[in-house]
1. Which ³J(HN,Hα) values, rounded to whole Hz and listed in residue order, are derived for the stretch 451-465 from phi using the Karplus coefficients 6.51, -1.76 and 1.60 in 6.51 cos²θ - 1.76 cosθ + 1.60 with θ = phi - 60°, glycine and proline given as x?
2. For the pair Ala285 and Gln265, how long in nm is the line joining their label points, each one 7 Å along Cα→Cβ?
3. For Leu352, Leu418, Leu161, write out the residues from largest to smallest accessible area, computed with a 1.4 angstrom probe and no ligands counted.
4. Want the number for Arg189 to Gln133: 0.36 nm per residue separation, take away the alpha-carbon distance, what's left?
5. With every protein chain present, what is the per residue accessible area of the stretch 459-500 (1.4 Å probe, Å²)?
6. Taking a threshold of 20 Å on the Cα-Cα distance, which of the pairs Lys319/Lys507; Lys121/Lys457; Lys340/Lys378; Lys274/Lys346; Lys353/Lys390 fall above it?
7. Stretched out fully, how many nm does the piece from Lys332 to Asp497 gain, at 0.36 nm a residue minus the Cα gap?
8. Which semi-axes, in whole Å and largest first, does the equivalent ellipsoid of the stretch 306-369 have when worked out from the alpha carbon gyration tensor as the square roots of 5 times its eigenvalues?
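The values are calculated or read from the model by the stated rules, or taken from the named source; none is laboratory data. Here the structure is a predicted model, which is why all the values come from computation and not from measurement. Every residue, glycine as well, gets a Cβ built from its backbone with ideal geometry; the counts of neighbours run over all protein chains shown. We work out accessible area using only protein heavy atoms, side chains counted, and drop any ligands, DNA or RNA first. Shrake-Rupley method; radii C 1.70, N 1.55, O 1.52, S 1.80 Å.
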Amino acid sequence: MPPKTESTSSGRRGGDMNTREERIKPAERKDPSPSRGIIKMISGGSTDGDSNRDRKARSRRECLEVDGRWRDEPVISFGPEDLLGVSLPHNDALVIQARVANYDVLRVFVDNGSSVNVIFKEALVQMDLHEYQLETVETALFGFAGYAVYPEGEIALPLTLGTGDLRKTVMTTFTVVDAPSSYNVILGRPAMNEMKAVASTYHQKIKFQVRGQVGEVKGDQPSSRRCYGETVWVDQKKARREGKEKKHQGETREREVHFVAEEEQEVVEIEPGKNVRVARDICAATRVNLLQCLKTNVDVFAWSQQELSGISPRMAEHKLNILPGSRPVKKKKRHFGPKKDKVIEKQVEELLKAGHIREVNFPSWLSNVVLVPKSTGKWRMCVDFRDLNKACPKDCYPLPRIDQLVDSTSGCELLSFLDAYQGYHQIPLALEDQDKASFITSGGTFCYVVMPFGLKKAGATYQRLMNLVFQKQIGRNIEVYVDDILIKTREVAHFIDDLAETFATLKHSE
């Protein structure tokens with residue numbers, strides 16, 4: 001409950017939420033459900049462009065633009081008369097009602113600290129606009145509870161402020177965010193600048209220029225206070241719940257989980273130079289059968305990139321299917337410095353030896369490489385295929401639901417995990433698309449002859465292959481999610497049989 005204070009206009013206690021004036025407002029009773037999060041200062045997004053090049057170009061244009069029409073515009077000012085009806089003293093945020101796409105939207109938070117205009121997906125769903133095609137946004141937003149949030153996309157909608165003759169409408173770009181919030185919409189600096197508006201949280205009012213006059217929108221203090229109170233209450237409840245869950249998980253982990261340390265494992269050589277680790281506490285009969293199964297199927301495993309035999313093009317082949325009319329993009333070489341260039345050169349040599357890439361001349365598309373740090377402190381070379389991905393249609397082949405895969409393992413006595421080594425590189429890339437998957441380094445230009453990581457449709461292509469290969473086993477004794485294979489054994493006695501069947505399926509797919 002906000003503190004009880006004296007109003008400067010009527011002498012009533014402005015903080016009393018139970019007055020007759022508050023009870024007769026029906027719109028306030030229709031506010032959305034209680035808050036599930038708090039919105040801090042938001043930064044990021046594509047306000048100045050979705051790349052460094054766009055931002056620099058925008059900055060140059062702004063330096064050259066000179067607008068002398070400001071002399072004919074009305075002066076916006078705030079005075080004592082603007083405090084009429086405002087409950088003082090207060091520290092309330094400015095929350096207003098606005099019309100967005102012909103919908104009267106409550107709980108619109110005016111935030112001069114936000115670099116983008118935000119509309120939350122839940123509000124978009126209520127407005128029946130969530131099925132519209134959204135423009136892609138690559139830049140993350142920062143400020144939602146202190147972590148990065150990746151937007152769903154952008155959408156342009158008409159925004160209207162004011163009433164009657166002093167109403168103003170502009171087309172505004174909103175960034176769509178799927179995150180819990182007390183608010184439906186956040187108006188940031190872009191919307192305020194487009195409206196030529198000035199906000200005063202002290203006066204609880206926005207004023208804006210419209211046809212040589214000044215329009216205004218008053219803030220809704222009761223709604224602002226409810227948003228704040230609900231947010232604090234939900235956050236406290238969430239913090240207490242997470243604290244209890246962490247404590248319970250810690251107790252469960254200490255009581256139930258057992259890690260097999262290296263000293264509890266035994267190194268066994270199944271072939272000269274090829275070793276595996278086997279737990280020491282496994283029963284003797286199972287250990288003998290397991291080692292025999294591994295020795296029999298040693299050719300299924302790849303001990304280096306050179307040993308990857310790959311998949312026959314008759315079984316699976318990745319095609320880009322670039323949209324007609326797409327203009328090829330050739331990027332200039334990115335400079336990394338001598339140390340990182342050596343890392344890139346070494347990884348390129350490994351890919352050449354494995355036959356995964358080849359040199360190419362006059363490629364139609366050309367991308368840059370990116371070095372991503374591993375958890376071990378080393379570097380992994382990736383290729384930035386964002387421009388190529390924009391020109392490729394989405395593959396709608398469905399991926400399994402992870403929660404259903406987890407539920408399907410209930411009741412199994414033993415679970416075994418297999419990971420496809422360099423899985424994507426085992427699928428060939430269509431010959432006509434190889435020069436499009438090209439990249440540039442200090443050592444030259446190269447293109448992939450196999451399906452590389454980072455392509456938009458790579459996951460769908462791999463899942464389609466795995467469903468084809470394991471169609472007789474999926475759901476019965478294995479589950480597959482892209483390149484991860486889970487062998488589920490209902491009874492330990494059938495473990496070797498399930499393992500041998502899976503190895504036989506892998507051999508048949510080569």
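1. With the stated coefficients, the stretch 451-465 comes to 5, x, 6, x, 7, 4, 9, 5, x, 5, 5, 5, 5, 4, 5 Hz.
2. Distance between label points: 2.7 nm.
3. The most accessible residue leads, giving Leu352, Leu418, Leu161.
4. Value of the extension gain: 17.7 nm.
5. Per-residue accessible area for the stretch 459-500 comes out at 43 Å².
6. Lys319/Lys507; Lys121/Lys457; Lys274/Lys346; Lys353/Lys390
7. Between Lys332 and Asp497, full extension yields an extra 54.0 nm.
8. Rounded to whole Å, the semi-axes are 25, 23, 8.
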